[in-house]
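Report on the following structure.
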């Protein structure tokens, strides 16, 4: 059996990408989530009220909606992963020859990407469509995913994890991990804006990295235990890990 000369390098690249995307995507999404909770405390309170009342993902629709909104609010991979056209194609009169490098451009998808389910279907946007999310789609609002009267696209299937055959193979694990972490953080902690030395709330300042991955730059916030019992549990767990 003939083995292509670049097989070893392809294997190395594939494993490296799996590690890098798995680590960066999860951590960056959690940074985005913490930033959103500090900026939108009413959303945080709704999740915490839901967590107190029930247990189980199926009974936590608002918590699931917060995860989805975190993914929609600011795409982590703005330009997606490169694809190559396998044959000549024509899209809306634009000729794309075989072998062309095509970028999914997830950022554009998140704001105004026009797509066709079939060529005769009218254009519509995906993640920041005003018909779906109202006149201010940049606002963090999980309620959009709970309104049955609105056709809201699941961001997990709209570019956040890639497209087609090259969609992230770990997206189910990432979704489950992020949901559990988000629920756990809000069950035990309160996230709020930073305070000055006098105890007054400071204006939240934040910005985003502009690169292959786009995630929040370092920002200040307060994360405090929601009860003395939680504080004891955290201290106990930290002590066990340090031994």
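For this structure, a couple of remarks:
- Among the residues of the stretch 213-230, those that are within 22 Å of residue 160 (Cβ to Cβ) and surrounded by 13 or more Cβ atoms within 10 Å (Cβ to Cβ) comprise 213, 214, 215, 216, 219.
- Any chance residue 39 is at pLDDT 80 or above, surrounded by 10 or more Cβ atoms within 10 Å (Cβ to Cβ) and on the phi < 0 side of the Ramachandran plot: yes
- Against the conditions (1) in a strand (DSSP E or B); (2) touching a helix residue (DSSP H, G or I) at 6+ places or on another chain (Cβ under 9 Å), residue 76 satisfies every one except (1).
- Residue that is farthest from residue 46 (Cα to Cα) [pool: residues in the stretch 179-220 that are assigned to a loop (DSSP other than H, G, I, E, B) and touching a helix residue (DSSP H, G or I) at 6+ places or on another chain (Cβ under 7 Å)]: 213
- Summed over the stretch 71-94, the residues that are modelled with pLDDT under 85 and in contact with a strand residue (DSSP E or B) (Cβ under 9 Å, 6 or more places away or on another chain) give a count of 7.
- Breaking point among (1) buried (at least 20 other Cβ atoms within 10 Å of the Cβ); (2) in contact with a strand residue (DSSP E or B) (Cβ under 8 Å, 6 or more places away or on another chain); (3) at pLDDT 90 or above, for residue 104: (3)
- When every residue of the stretch 19-27 is checked against the conditions, none turns out to be within 22 Å of residue 216 (Cα to Cα), loosely packed, with under 14 Cβ neighbours inside 10 Å and at pLDDT 85 or above.
- Tabulated pairs, the stretch 50-76, first more than 16 Å from residue 33 (Cβ to Cβ), second part of a helix (DSSP H, G or I) and modelled with pLDDT under 85, C-beta under 8 angstrom, 6+ apart or interchain: 61/146
- Taking the stretch 42-56 as the range and being surrounded by fewer than 10 Cβ atoms within 10 Å (Cβ to Cβ) and at pLDDT 90 or above as the test, only 42 passes.
The values are calculated or read from the model by the stated rules, or taken from the named source; none is laboratory data. All values derive from a computational prediction rather than experimental measurement. All Cβ positions, glycine included, derive from the backbone under ideal geometry; neighbour counts span all protein chains shown.
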